[in-house]
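Report on the structure given below.
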Amino acid sequence: MTKPHVARGSTTGPTPPFAQRELTDYDLKLLQVFRTVVECGGFTAAETELSLSRSTISIHMSSLETRLGMRLCQRGRQGFSLTREGQAVYNAILSLTEAHDEFRHAVAQVNQSLSGELIILAADQLDPPRQRSLAQAMATIYRQAPELQITLDLLPLQQIELALLKNQAHVALMPGYRRIDGLHYEPAFSTPVYLCCSNTHPLFGLADNRITEELLAEHPAVHPGVNINPEGRKLLQKLNTRARAYQFDTRVSLILSGAWLGFLPAAIAEPYIQTGELRYLQPDTWQYPFQQFFVSRKQPREPDKVKLALKELIKSSQLAP
């Protein structure tokens, strides 16, 4: 009887099912590739994030599907989409990541020292006084917990809210116009926001007493792209919003073009006001308060980090002009 051929390095028995064996480093790598592909929305978008070619990503995905014994996603001309099994695996990866973070936190607690990552997010560009306030808070945090790896980032408001709720960030500086269950809001600062136009705009040379609501409505304006407070919403409803700019720096560019009117905080607009590139339009009437909050999860996974960050951020913000 002829013996069956066995490839070199293989075993005669079948490979154990994925769920019945230990996860290898290679398994974890493939799972991370899959997670990145899902969160990027497809292979092409994941290339930059993973620093891998599309063909390599495809090979990794095929290998993972083979090891799992299931189809994880559909990819082709119709675009990228998860199968039912793929969604379940993605959810399990998130649970695995959360368990890993819980382990790191538990070890840090035993060691009674703050270490690992402290993630602080902001929803918009900070003016110079707020940047200096943030720098002071970061310096104090570093002196108190030098083992912390601090990450500062700028993200859209919705992504920040999700990151806080998922324990993927510790504290955020953002508007509090929309309150989310599960998040705690601590007032940070308030600054006036004024309606501006550039020196190339038709209204620049017109006196305030000649500018009417009807005249303003004839000219295109920039919408902030996110929800703002009631006073600001009432003013926006009177304008002809024809563009969107979620961040102050991009809004400045649209206003400076001379094609749009737009609202800017005083501290950001003032340098352009001083050079004559911008002017305020009826500043006593066309303004609203821009209030920012320090936001954190009500029951964070790493409360000591959140407590330290909030304490120093609040303290430094109270000293800012």
For the range 287-296, what are the residues that are out of contact with any Phe, Trp or Tyr (no Cβ under 7 Å at 6 or more places or on another chain) and modelled with pLDDT of 95 or more?
PHE294, SER296
Of the residues that make up the range 191-206, is at least one more than 26 Å from LEU261 (Cβ to Cβ) and modelled with pLDDT under 95?
no
Residues that are more than 22 Å from MET174 (Cα to Cα) and either aromatic (Phe, Trp, Tyr) or touching a Cys at 6+ places or on another chain (Cβ under 8 Å) (or both), drawn from the range 220-255:
ILE255
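Do we find that ALA221 is assigned to a loop (DSSP other than H, G, I, E, B) and over 22 Å from GLN158 (Cα atoms) in this structure?
Details: assigned to a loop (DSSP other than H, G, I, E, B): no; over 22 Å from GLN158 (Cα atoms): yes.
In short, no.
If I ask for residues that are within 19 Å of TYR26 (Cα to Cα) and either without any contact (Cβ under 8 Å) to a residue 12 or more places away in the chain or among the charged types (D, E, K, R) (or both), which ones from the range 48-70 would you list?
Answer for the range 48-70, where residues must be within 19 Å of TYR26 (Cα to Cα) and either without any contact (Cβ under 8 Å) to a residue 12 or more places away in the chain or among the charged types (D, E, K, R) (or both): GLU49, SER51, SER53, ARG54, SER55, THR56, ILE59, SER62, GLU65, THR66, ARG67.
Give the range 177-221 a look and list any residue that's among the hydroxyl-bearing types (Ser, Thr, Tyr) and touching a Pro at 6+ places or on another chain (Cβ under 7 Å), or say none. Can you show your working first?
Taking the range 177-221 as the starting set, the residues that turn out to be among the hydroxyl-bearing types (Ser, Thr, Tyr) are 177, 185, 190-191, 194, 198, 200, 212.
Hits for the range 177-221 are SER190, THR191, TYR194.
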Going through GLN74, GLN136, GLN149, GLN144 one at a time, which residue ends up being of a type in the set (S, T, N, Q) and surrounded by 15 or more Cβ atoms within 10 Å (Cβ to Cβ)?
GLN136
Being buried (at least 17 other Cβ atoms within 10 Å of the Cβ) and free of Cβ contacts under 8 Å to residues at least 40 places away in the same chain is the filter here; which residues of the range 215-235 pass it?
HIS223, PRO224
Among residues belonging to the range 152-167 that are among the polar types (S, T, N, Q) and surrounded by fewer than 17 Cβ atoms within 10 Å (Cβ to Cβ), point out the one that is farthest from GLU98 (Cα to Cα).
GLN158
Within the range 224-241, how many residues are polar (S, T, N, Q) and either assigned to a helix (DSSP H, G or I) or farther than 23 Å from GLN291 by Cα (or both)?
2
On the given criteria, is LEU154 within 10 Å of the chain's Cα centre (by Cα), under 27 Å from VAL193 (Cα atoms) and assigned by TED's automatic domain parsing to the domain that holds VAL306?
yes
Taking the range 109-153 as the search range and keeping residues that are hydrophobic (A, V, I, L, M, F, W, C), closer than 16 Å to PHE294 by Cβ and part of a loop (DSSP other than H, G, I, E, B), which one is modelled with the lowest pLDDT?
LEU126
Hey, can you tell me all the residues within the range 84-101 that are charged (D, E, K, R), surrounded by 11 or more Cβ atoms within 10 Å (Cβ to Cβ) and either at pLDDT 75 or above or not assigned by TED's automatic domain parsing to the domain that holds VAL37 (or both)?
GLU85, GLU98
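The values are calculated or read from the model by the stated rules, or taken from the named source; none is laboratory data. The structure displayed is predicted, hence computed values, not measured ones. Positions of Cβ are backbone-derived with ideal geometry, glycine not excepted, and every protein chain shown enters the neighbour counts.
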